[in-house]
Structure formats: structure tokens, C-alpha cells
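The values are calculated or read from the model by the stated rules, or taken from the named source; none is laboratory data. Computed from a predicted model, the values in this text were never measured in an experiment. Cβ coordinates were reconstructed from backbone atoms using ideal geometry, including for glycine residues, and neighbour counts include every protein chain displayed.
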Amino acid sequence: MTQRLWVGTRKGLFRFDLADSGAWNLGRKAFVGDPVTAVLPLADGRTVLAGLDHGHFGCKIQRSEDGGDSWAEVGVPVYPKKPESSEDFDPGRGRPIPWSTKLIWSLDGGGGDHPRRVWCGTIPGGLFKSEDAGSTWELVESLWNNPGRKKWFGGGMDLPGIHSVLVDPRDSDVLLVGVSCGGVWRSEDSGASWAQSAHGMRADYLPKEQAFEPDSQDPHRLAQCRDHPDRVWTQHHNGIFRSDDSGRNWLAIEDVSPSDFGFGVVCHPRNPDTAWFVPAVKDEIRVPVDGRFVVTKTEDGGKSFRSLTQGLPSGEAWDLVFRHALALDEDSIRIGLGSTTGSLWVSGESGESFEQLSAHLPPIYVIRFS
Amino acid sequence: MARIEFTTNIQRHVECPVEILLASTLDELLTAYFARHPRARSYVLDDQGALRHHMVIFVDGSMIDDRVHFSEALMAESEVHVFQALSGG
């Protein structure tokens with residue numbers, strides 16, 4: 001099967017195809033002009049979902065059943081009627097939480113034994129499940145109605161949202177959900193019940209006595225090791241954290257150079273000690289440190305980090321990589337990254353050096369291999 | 001009978017032809033229209049059934065105030081326009 005790289009941008013979805021020669025070629029384009037905020041190729045090799053934000057006209061989901069050659073609109077996550085008596089406010093801003101999908105922020109598959117199951121994370125914080133590859137969606141009410149959700153608040157986005165859904169490769173009923181801002185939530189029964197699981201994370205943006213409050217943590221992105229799922233990495237607003245117990249407890253990684261701030265993280269599928277990040281200046285500045293764009297890689301569980309530079313800009317570059325725009329292909333160990341300035345790079349099979357595929361795409365929100 | 005017309009920009013995503021329908025309120029008109037064109041509903045209304053934040057509706061040239069219940073009364077030959085607001089998106 002041809003390897004593909006799906007690139008969701010502010011102005012459309014772009015598919016790059018890997019030729020036998022080793023060259024990545026721009027193939028199909030879709031939704032040109034429209035923001036594509038999430039993309040998910042399913043394991044069958046044909047089905048692809050794309051989350052769109054039409055701005056004035058709301059969020060929609062499109063599905064292709066032929067690898068991106070044609071698309072059709074399918075179901076979209078819809079929130080239930082908000083009770084008139086509901087007191088549902090963002091505690092950080094004091095504004096009402098709208099019970100309406102504001103952004104399709106993440107799409108994730110349901111595990112090998114559920115090939116048509118899809119999890120969808122949204123802003124303002126609803127998690128939705130589809131059992132039919134996006135035709136229909138159901139709000140996971142056990143999480144939406146959990147009293148702990150009332151503590152969630154918006155961070156960089158005005159409203160809280162779910163950006164990461166990890167399905168344990170050993171048991172697809174075991175889920176880890178990352179919330180900005182609201183910590184990490186764990187379910188062991190396919191979403192029927194939930195428990196806060198951000199213990200050990202630290203939030204320097206809060207008073208010291210509240211810094212370790214799990215409900216207030218801002219994990220930017222979660223990544224789990226495929227073959228050793230007890231190892232989970234988090235790129236957090238306040239740095240990098242590592243879990244050795246399947247996301248129940250977290251350890252801060254110290255002394256990360258050039259910066260421990262960033263958005264994305266991916267983990268080697270076989271070696272849990274190896275993970276990649278894209279650092280930036282903490283925290284509202286959000287540019288590469290000294291204008292030097294690098295990828296950082298640890299191969300010893302976070303004791304040390306190397307900056308990967310080969311194939312990345314040698315001079316000043318001010319690219320920023322959003323949380324869903326750093327991706328890994330688990331079969332080839334290729335790393336892909338796409339930036340807010342429309343640059344796209346793919347690594348060779350070792351994840352050590354990079355090739356630039358384009359410097360002229362629209363701002364990139366999400367990339368994914370299939 | 002009221003005439004309802006949509007912004008041309010929405011037609012890129014979903015077909016919203018002009019219709020002339022029997023309705024005494026804007027709510028009745030929208031309900032009748034979306035019964036004929038169900039895909040159009042979620043492009044105009046949010047999950048709670050309110051007018052999307054960055055949409056506006058004009059009835060006989062006046063922008064509506066009731067964006068939730070659409071209680072505006074319609075005349076026998078009212079003209080309704082569903083537009084994008086000059087915000088967001």
C-alpha cells in the first residue's frame with residue numbers, strides 16, 4: 001500500500017504520496033479554502049475522516065471511502081439540549097459553556113478490535129464516540145456530566161477542549177483523554193466511568209498551593225508507546241512529563257534543552273524511552289529558541305535530549321508546530337512535522353534527519369500518516 | 001406566503017434554494033424550510049437550535065433580535081434573507 005501523509009491546513013487538506021523512488025509527491029487536494037482541523041485515516045487503508053471548521057456555518061465531518069479521491073459529508077457531533085437550569089461556566093473566564101461544537105479538535109481510532117470506532121474530541125470539551133466510522137455520533141455523557149468537568153477551563157483557546165484520546169493497545173476499553181485545561185482522564189470501561197489521572201503534573205500558571213491540582217493541568221498532547229503502553233509521554237504547558245504506569249502518575253522531566261515547552265510529542269512504537277518533541281520559547285512567545293528550528297529527541301527516557309537539525313533550516317526560522325502537526329508512522333518510524341508558516345518536513349526511517357516537502361502550504365493544523 | 005433566500009456563500013457547502021412557504025412566524029418558516037432541506041439546518045442553526053453566532057437573518061430589511069426562538073411575525077409577502085455576519089469565520 002502506498003504510504004501517504006495527510007496534511008490538514010487552514011485552507012484545505014493535502015495528501016502527499018510516497019513514490020517507489022522515495023519521493024513524496026503532492027497528490028489529491030480537498031476542501032481548498034476551508035480549515036481542516038482534524039484528520040484520521042482508518043486502518044482499512046481506504047476510509048479517511050476530516051474535521052472541518054466552516055466558521056460561519058459550523059463544524060462538519062467529511063468522509064472518504066476511497067483514500068481521499070472523493071468525499072461526502074457524514075454525521076457531526078451534536079450536543080444535547082442544554083437544561084435551562086444548567087449552571088455551566090468556564091471557571092477561568094466566568095462565561096457560560098456553550099453546548100455546541102465549536103471545534104473538531106481530535107479524531108482517533110478505537111483500536112484494532114473496533115475498526116470502525118472513532119473517538120472525537122471537541123471544544124468546548126465534549127468527547128463523542130462513533131461506531132460507524134463517523135456516520136453517527138454519541139456524546140460520552142459519563143464524562144460530560146462528571147462533576148470534575150466543571151473545573152475545566154480554556155487555555156490558549158477560549159473554551160476547554162479534548163485534544164488527545166489514547167486507546168490502550170492491550171485493551172481498547174482503556175482510554176486516556178487529554179484536556180486543555182482539565183488534566184488527563186482515564187477510563188477502563190470504554191468510557192462508562194472516568195477518573196482524573198494527571199497526578200504529578202505541575203502548573204506554574206497557578207498559585208503554588210494549587211500547582212499540582214490535577215484538574216487544572218494543561219497537557220498539550222499525549223503519546224503512548226505501542227509495544228510498551230505503560231509508558232506515556234505528555235508535552236505539557238509547563239514542560240515534559242512521563243508516566244511509567246499507563247498514565248496514572250506522572251514524573252516531570254528536568255533540564256530539557258533548548259526548551260521543555262512545546263505542543264506535540266510522539267513516541268517510538270518499540271522503544272518507550274525514545275520520544276520526539278518540537279521545542280519553543282515558553283510560554284506565550286511561542287517561537288523557536290533564538291530562531292533556531294529544531295526537533296528534540298530523547299533515547300533514554302528523558303535523561304538527555306539531542307537537537308536534530310539535519311534537513312531543517314540552517315538559518316533563522318520562526319516555524320511553530322501545533323500539537324497535532326507532529327506525527328509518527330509506526331511501521332517506518334518516519335517523523336512528520338508541519339508548521340504554522342506552512343512548512344512540511346518528513347524524516348527518513350530513523351527519525352534522525354529531515355526532508356522538506358513544502359515551504360508554501362497554508363498554516364498546518366494536523367498531519368497524519370497512513 | 002413568505003420568501004426565504006440564503007447567502008450565496010452557503011451554496012458552496014449545501015444547496016439552499018429560494019423557497020416561498022406558508023408561515024406566520026420566522027420559526028414556522030425555518031421549520032418548514034429545514035423539513036424540505038434538512039442538511040441546511042446545521043449550517044444555519046447551532047446544536048441548541050439557535051442562530052449560529054456569525055449568521056444574521058433579516059425580515060423585510062430588519063435584522064432580527066430573537067436569535068433563539070425566531071418569534072418575528074411574518075407578513076403575507078415577507079422577504080427573509082439569511083446572511084453571514086461580518087464577523088468571525
#### Entry: Those residues of segment B:24-48 which are under 12 Å from the mean Cα position of the chain (by Cα), surrounded by fewer than 16 Cβ atoms within 10 Å (Cβ to Cβ) and at the interface with chain A (Cβ under 8 Å from one of its Cβ atoms), in sequence order
none
### Matching residues in segment A:60-96 - criterion: being touching a helix residue (DSSP H, G or I) at 6+ places or on another chain (Cβ under 9 Å), at pLDDT 95 or above and either surrounded by fewer than 18 Cβ atoms within 10 Å (Cβ to Cβ) or not charged (D, E, K, R) (or both)
A:E73, A:V76, A:V78, A:Y79, A:P80
#### Entry: Among (1) surrounded by fewer than 20 Cβ atoms within 10 Å (Cβ to Cβ); (2) modelled with pLDDT of 95 or more, the one test that A:T298 misses
(1)
### Task
Please enumerate the residues belonging to segment A:220-238 that are in contact with a Ser or Thr (Cβ under 9 Å, 6 or more places away or on another chain) and in a strand (DSSP E or B).
A:H220, A:R221, A:L222, A:A223, A:Q224, A:V232, A:W233, A:T234
#### Entry: Qualifying strands (runs of 3 or more DSSP E) (wholly inside segment A:246-342; at least 2 residues being β-branched (V, I, T))
A:261-267, A:295-298
### Message
Among the listed residues A:D290, A:D319, identify the single one that is touching a residue at least 24 places away in the same chain (Cβ under 8 Å) and surrounded by fewer than 16 Cβ atoms within 10 Å (Cβ to Cβ).
### Response
A:D290
### Message
Every residue in segment A:55-98 that is within 30 Å of A:W6 (Cα to Cα) and either facing chain B (nearest Cβ under 8 Å) or of a type in the set (K, R) (or both), please.
### Response
A:G55, A:H56, A:F57, A:G58, A:K60, A:R63, A:E73, A:V76, A:V78, A:Y79
### Summary
Restricting attention to segment B:49-71, the residues that are more than 14 Å from chain A (Cβ to nearest Cβ) and buried (at least 16 other Cβ atoms within 10 Å of the Cβ) number exactly 2
### Query
Looking at segment A:1-90, what strands (runs of 3 or more DSSP E) fall wholly within it and have at least 3 residues that are under 19 Å from A:T136 (Cα atoms)?
A:36-41, A:48-53, A:59-64
### Message
I'd like to check which strands (runs of 3 or more DSSP E) are fully inside chain B and have at least 3 residues that are touching a Gly at 6+ places or on another chain (Cβ under 9 Å) and in contact (Cβ under 8 Å) with a residue 12 or more places away in the chain.
### Response
B:79-84
### Task
Would you check if A:A43 is closer than 21 Å to A:S339 by Cβ and under 21 Å from the mean Cα position of the chain (by Cα)?
no
#### Entry: Conditions (1) more than 22 Å from A:L222 (Cα to Cα); (2) touching a residue at least 60 places away in the same chain (Cβ under 8 Å): number failed by A:I104
(1)
